[in-house]
Amino acid sequence: VTSYSYSFLDQDRNCPEAARHLFILKDFKKTYTVAGGIDDHRELEKHLRNGAPLPPELAHVAPMANSFRNSGVEVEVAYAVDRDLKPINFWHENVFIRGKYDIVRHWPETRHAFLGDWKSGKIRESSDQLELGALLMTARYPTIERVTGVNVWINSGPKLGTPYEFRTEENGPRWAKWLKRIAEIEQRDAAVEWERRESGLCAYCPVKVCPNYRGG
Ligand code: SF4
């Protein structure tokens, strides 16, 4: 049974053949290089979860991380839905779509929630990952009416990116958009090669059997 995630769908948009190998065949694995030997996400998670000191390389993020911490956020929150878009345990075998989010805050009294995602690279704003997170979160907490999603750019300040507002009343067309992408994938035969999309990303791709492989 195939389950989907933002990473899968994003990879499929960049190169379907890479997505087939990485997420369906699972015969190659992406290795994530950690800048300067520091795993930003892991360090920030430990800091927010239990106050572990941040390494000097992340000292510039401390004031923002502390303000998140003082406001009582949850960290690394996992959401998942089944094929009926009903909430389900993240590790359940019937998971259809799943996602983990770095910083989450929920105010039940005002039916509002916040989703934040640490981003290490250069600023390249996109609401996609946060939008899928808002859909998964509101499936879990149907009383939420509004989710504010923000990318937090670690190496540019840190800086809060564009705030995106996702209203639950607009969930229908938003789900339809993601489900259409998944339906397109499900029409393909996973036993035969999918479209190869050569790009600069080939340099980081681990799919050695592809003619465009460049040692990534
Ligand atoms: S090397 Fe490039 S074309 Fe080949 S699978 Fe990877 S990303 Fe796609």
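The numbers here are math on the coordinates, done by the rules we state, and not lab data. Remember, it's a predicted structure, so these values are computed and weren't measured experimentally. Please note: Cβ atoms are built from the backbone with ideal geometry, for glycine as well, and neighbour counts cover all protein chains shown.
Model label sites at E57 and D84, defined 7 Å from Cα along the beta-carbon direction, differ in position by 4.6 nm. Tell me, what is the FRET efficiency for K208 and R13 to the nearest 0.05, using R0 = 22 angstrom and their Cβ-Cβ distance as r? Rounded to the nearest 0.05, the efficiency is 0.50. All other residues whose Cβ lies under 15 angstrom from that of K29 are scored, Lys and Arg at +1 and Asp and Glu at -1, for a net of +3.
Using R0 = 30 Å, the C-beta based FRET efficiency linking D128 and R49 works out to 0.70. List nothing, just return the count: lysine pairs in the chain, 8 or more apart or interchain, with Cα separation under 16 Å. Summing the qualifying lysine pairs gives 7. If you wrap the tightest convex hull around every Cα atom of the chain and split its volume per residue, you get 134 Å³. Between the beta carbons of S199 and S67, assuming R0 = 30 Å, the FRET efficiency works out to 0.20 to the nearest 0.05. Under the rule of at least 5 residues apart or a separate chain, name every residue whose amide H is placed under 5 Å from the amide H of Y4. Under 5 Å from the amide H of Y4: I97, R98.
Distance in nm between label sites at T162 and D27, each 7 Å beyond Cα in the beta-carbon direction? Distance between the two pseudo-spin positions: 3.9 nm. Pairs of alpha carbons in region 1-89 separated by more than 22 Å make up 52% of all such pairs.
Per-residue Karplus couplings for region 67-79, computed as 6.51 cos²θ - 1.76 cosθ + 1.60 with θ equal to phi - 60°, are listed in order as 5, 5, 4, 5, 8, x, 6, 9, 10, 6, 8, 9, 10 Hz, Gly and Pro entered as x.
If you take all other residues with their beta carbon under 9 Å from the beta carbon of E76, and give Lys and Arg +1 and Asp and Glu -1, the sum is -1. Its DSSP H runs of at least 4 residues, each contributing -39,500 (n - 2.57), put the calculated 222 nm mean residue ellipticity of the chain at -8500 deg cm²/dmol, to the nearest 500. With K and R counted +1 and D and E -1, the other residues having a Cβ less than 15 Å from that of I88 yield a net charge of +2.
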